[in-house]
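**Student:** Structure in structure tokens, see below.
Every number in this text was worked out from the coordinates using simple rules, so none of it is lab data. Not measured: the values here are computed from a predicted model. All Cβ positions, glycine included, derive from the backbone under ideal geometry; neighbour counts span all protein chains shown.
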């Protein structure tokens, strides 16, 4: 089973230093298969992604930049692909993405399957391509069946594997994987895992991305009020149990949405006995 970690590009030099330290902690403790770097939540530009990718790559780690097609041109995407190839980057997370604020055009490539096809046209088999999967259905999808059909199209376009949006209901993940298999999808579908460290933050993220927070979890979080330590302890227990359910059933990988923090992820992985012995 592979472990991987998601980062977002830091906005300050101090944040960049902290991110490098966080990456080092993960690398010595978990030895992730790769790190992914977002293009910024909510549709911000790709500006900081390249520098963060370069930093992690220079640390000797495998890194997969997120690449979105919305609001971009084929020429700009092709140029980015060339830059990543020149760096020696071998993985890409291909996404439709969110339209940047103030930009009214979706661009030449409007869907993630078109982006996957374009990457293959431009670079052949150079990149291992990851795409997104939504066990609880993409918030903009017409229906669950249409959503999973579109997911299958992304795989048929040439994607090697998928990473899910985070979820707290393992049944949703198992059903999604089964339904995708029925459509001929035979690539690994890695489970996206979000540590719970803040009630308000989790509610905000989940409302934006369509991830369901089960009622019993919402009520427990509300009952803790501003007691952050209780929220963190409860969140750690919930997410550890979720991961245990996934591991027992043979999930191909866990992808942690770290929010650039090591401690919440490492507490969960320590509970799961996933830490690697130091080679130093």
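**Student:** How much length is gained if the chain between residue 76 and residue 223 is pulled fully straight, taking 0.36 nm per residue apart and subtracting their Cα-Cα distance, in nm to one decimal?
**Tutor:** That works out to 48.1 nm of additional length.
**Student:** Right, here's the next one. Report, as a whole number in µm² per second, the diffusion coefficient that Stokes-Einstein gives for segment 163-202 at 4 °C and 1.567 mPa s using the Kirkwood radius over alpha carbon pairs.
**Tutor:** 113
**Student:** Additional query: Would you calculate, for the chain, the mean residue ellipticity at 222 nm contributed by helices, counting each DSSP H stretch of 4 or more residues as -39,500 (n - 2.57) and dividing by all residues, to the nearest 500?
**Tutor:** Dividing the helical sum by the residues of the chain leaves -15000 deg cm²/dmol.
**Student:** Shifting gears a bit: Put one equal scatterer on each alpha carbon of segment 186-252, apply the Debye formula with no solvent term, and list log10 I(q)/I(0) at q = 0.20, 0.21 1/Å to two decimals.
**Tutor:** For segment 186-252, the Cα-only Debye profile gives -0.86, -0.92.
**Student:** If you don't mind, there's one more thing I want to ask. Choose one answer from 213, 56, 92: the residue with the largest mean-square fluctuation in a GNM of the chain with alpha-carbon springs under 10 Å.
**Tutor:** Among 213, 56, 92, the largest mean-square fluctuation in the Gaussian network model of the chain belongs to 213.
**Student:** Follow-up question, since we're still on this one. Can you report the principal axis dimensions of the chain using only the alpha carbons, biggest first, rounded to whole angstrom?
**Tutor:** So the three principal-axis extents are 50, 46, 39 Å.
**Student:** Now for a different question. Extension gain residue 181-residue 273, at 0.36 nm per residue separation less the Cα-Cα distance, in nm?
**Tutor:** 30.1 nm
**Student:** I would also like to ask the following. Pull out the extension gain between residue 85 and residue 212, defined as 0.36 nm times the separation in residues minus the alpha carbon to alpha carbon distance; nm, one decimal.
**Tutor:** Stretched fully, the residue 85-residue 212 segment lengthens by 42.0 nm.
**Student:** If you don't mind, another one. Between residue 244 and residue 122, how high is the FRET efficiency from 1/(1 + (r/R0)^6) when r is the Cβ-Cβ distance and R₀ = 51 Å? Nearest 0.05.
**Tutor:** 0.80
**Student:** How do 162-169, 20-27 rank on mean C-beta neighbours within 10 Å, highest first?
**Tutor:** 162-169, 20-27
**Student:** Ok, one more. Taking 7 Å along the Cα-to-C-beta vector as the label spot, tell me the residue 169-residue 149 distance in nanometres, rounded to one decimal.
**Tutor:** The modelled label-to-label distance comes out at 2.3 nm.
**Student:** Kirkwood hydrodynamic radius (Cα pairs, Å) of segment 135-280?
**Tutor:** Details: mean 1/r = 0.0609 Å⁻¹.
With all distinct Cα pairs of segment 135-280 included, I get 16.4 Å.
**Student:** How many angstrom separate the Cα center of segment 189-239 from the Cα center of segment 114-169?
**Tutor:** Using only Cα atoms, the two centres lie 26 Å from each other.
**Student:** Let me ask something else. Who wins for biggest fluctuation among 95, 228, 19 in a Gaussian network model of the chain, springs between alpha carbons below 10 Å?
**Tutor:** 228
**Student:** Per 5 Å bin, what is the whole-percent P(r) computed from every C-alpha pair distance within segment 58-176?
**Tutor:** 2, 11, 20, 22, 19, 14, 8, 3, 0
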